[in-house]
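K.L.:
Provided herewith is a single structure, encoded as structure tokens, for subsequent inquiry.
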Amino acid sequence: MKIIQCLVIASAISSDTVLAVNILSVEAAEKKGLVRLVIQGKGGHTGKVIEMKIHNVSGTTLNLKLEAGRKLDSKNNSEQDILVTKPESFILAAGQKSSYNVYGMCCQAHNSSPGEKSFYSIGKMGDSTIVKLAEFIHKNKYYDDHGAQQAVWTISDNNSLASIQGSDEKSSKHLQKYVSDITGRPIPAYDVYYKQQDEKSVLGRVSKINGNFAYSLPRDLKITAAIYNSEGKMVQLIMSRHSHDRGDYQLFYTFNAANLPAGTYYARVSNEDTLIKEERIDF
């Protein structure tokens, strides 16, 4: 009985080992000449944005994998590459042709949105940070979340963490914290909005920044609030010599940055020449 049990266990281990060896990445299968690929965009930034057609031209069944974190390279240099956000497994018999929808997100913020029927190559795996983010998106099923798309751009294009905003505040905060954790970048105390004319246009310059911060006044004062550049020049006046009673306040502001160069700015509250509160803004 013991001999039979050992044989069964040995057989199971051997079978598992063979199965593991036979799992190939789609990239490796293409390089070995085992498959032919046609990868096309379906339009849009997020969700099922890719159609992948695979033809098994080998003489045997193939067990293939497509990894979250792989960047599919656009053959149109003006359009964005696509980051795969959901891992997939494909089993194809010898000679079989199949078509699959693949989840992904754009990962070149300042290129144009991919067009329908745009062509891609299989590309390479992204760096460790963007792979972690892709796996996080998969784990939390943020496949269609606009905040997750913004999170991808914070890594691929160094966009501000303040731009991670979706329709759901809870998921946006979750994504902000995760990106902050894996990059070491702090979460800003303001929200950044990038200008985009339509779905096809390039995600361009910062258009506006919404922020707020608290300050306290020890006595009645006339308050000026404004935005300054790094050289100390005022670029936007929020309020001028506005009478405030002693007490605690919350300043909400919108910084119109569309026509200003990227850099470091400061939101400041002051009384005459005395600075009361200052917060840094980077974009």
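The values are calculated or read from the model by the stated rules, or taken from the named source; none is laboratory data. Since the structure is predicted, the reported quantities are computational estimates derived from the model, not experimental observations. Counting neighbours? That spans all protein chains shown, and the Cβs are built from the backbone with ideal geometry, glycine included. These accessible areas exclude ligands, DNA and RNA; they are computed on the full protein's heavy atoms, side chains included. Shrake-Rupley method; radii C 1.70, N 1.55, O 1.52, S 1.80 Å.
K.L.:
Being closer than 30 Å to S160 by Cα and open to solvent by 10 Å² or more (accessible area, probe 1.4 Å) is the requirement here; does G43 meet it? If you could, list the steps in order and put the result at the bottom.
P.N.:
On the way: closer than 30 Å to S160 by Cα: yes; open to solvent by 10 Å² or more (accessible area, probe 1.4 Å): yes.
It is true that G43 is closer than 30 Å to S160 by Cα and open to solvent by 10 Å² or more (accessible area, probe 1.4 Å).
K.L.:
Among the residues of the stretch 133-147, is any in contact with a Phe, Trp or Tyr (Cβ under 8 Å, 6 or more places away or on another chain), among the β-branched types (V, I, T) and surrounded by 20 or more Cβ atoms within 10 Å (Cβ to Cβ)?
P.N.:
Scanning the stretch 133-147, I find at least one residue that is in contact with a Phe, Trp or Tyr (Cβ under 8 Å, 6 or more places away or on another chain), among the β-branched types (V, I, T) and surrounded by 20 or more Cβ atoms within 10 Å (Cβ to Cβ), so the answer is yes.
K.L.:
Could you grab me the full set of residues in the stretch 69-97 that are open to solvent by 10 Å² or more (accessible area, probe 1.4 Å), assigned to a loop (DSSP other than H, G, I, E, B) and small (G, A, S)?
P.N.:
Once the filter is applied, which keeps residues that are open to solvent by 10 Å² or more (accessible area, probe 1.4 Å), assigned to a loop (DSSP other than H, G, I, E, B) and small (G, A, S), the stretch 69-97 yields S78, A93, A94, G95.
K.L.:
Still on this structure, please answer the following. When you go through (1) open to solvent by less than 50 Å² (accessible area, probe 1.4 Å); (2) over 30 Å from H45 (Cα atoms) one by one for S243, which number turns out not to apply?
P.N.:
(1) is the only condition that S243 fails.
K.L.:
Given the conditions (1) at pLDDT below 95; (2) under 26 Å from A29 (Cβ atoms); (3) part of a loop (DSSP other than H, G, I, E, B), report the number of the one that K117 does not fulfil.
P.N.:
So the condition that K117 fails would be (3).
K.L.:
So which pairs qualify, if the first residue must be in the stretch 240-254 and farther than 14 Å from G211 by Cα and free of Cβ contacts under 8 Å to residues at least 40 places away in the same chain, the second must be of a type in the set (D, E, K, R) and outside any strand (DSSP E or B), the Cβ gap must be under 9 Å, and the two must be at least 6 apart or on different chains?
P.N.:
Qualifying pairs under 9 Å: R241/E272; S243/D220; H244/D220; D245/R219; D245/D220; R246/R219; R246/D220.
K.L.:
Also, quick follow-up: Report whether or not Y103 is in contact with a Phe, Trp or Tyr (Cβ under 6 Å, 6 or more places away or on another chain), crowded, with 17+ Cβ neighbours inside 10 Å and within 18 Å of V26 (Cβ to Cβ).
P.N.:
In short, yes.
K.L.:
Which residue out of Y215, Y266 is without any contact (Cβ under 8 Å) to a residue 40 or more places away in the chain and either of a type in the set (A, V, I, L, M) or farther than 30 Å from G44 by Cβ (or both)?
P.N.:
After ruling out the rest, the residue left standing is Y266.
K.L.:
Now for a different question. What about S270, is it over 17 Å from F213 (Cα atoms) and out of contact with any Leu (no Cβ under 9 Å at 6 or more places or on another chain)?
P.N.:
no
K.L.:
Return the total of residues in the stretch 120-141 being in a strand (DSSP E or B) and polar (S, T, N, Q).
P.N.:
As a first pass, look at the stretch 120-141 and keep what is in a strand (DSSP E or B): 120-125.
Those still in the list that are polar (S, T, N, Q) too: 121.
Residues flagged as in a strand (DSSP E or B) and polar (S, T, N, Q) within the stretch 120-141 amount to 1.
K.L.:
Is there any pair with a first residue in the stretch 89-116 that is more than 17 Å from L66 (Cα to Cα) and a second that is basic (K, R) whose Cβ atoms are under 8 Å apart and which are 6 or more apart or on different chains, and what are they?
P.N.:
Pairs that qualify, where the first residue is more than 17 Å from L66 (Cα to Cα) and the partner is basic (K, R), are C107/K71; S112/K200; S113/K200; G115/K200; E116/K42.
K.L.:
Consider Q40 carefully, then state whether it is in contact with a Lys or Arg (Cβ under 6 Å, 6 or more places away or on another chain) and not small (G, A, S).
P.N.:
Yes.
K.L.:
Inside the stretch 249-258, can you point out the residues that are under 14 Å from M234 (Cα atoms) and open to solvent by 70 Å² or more (accessible area, probe 1.4 Å)?
P.N.:
N256
K.L.:
Of all residues in the stretch 61-82, which are β-branched (V, I, T) and in contact with a Cys (Cβ under 9 Å, 6 or more places away or on another chain)?
P.N.:
Of all residues in the stretch 61-82, those β-branched (V, I, T) come to 61, 82.
If the condition is that a residue be β-branched (V, I, T) and in contact with a Cys (Cβ under 9 Å, 6 or more places away or on another chain), then I82 is the only one that fits.
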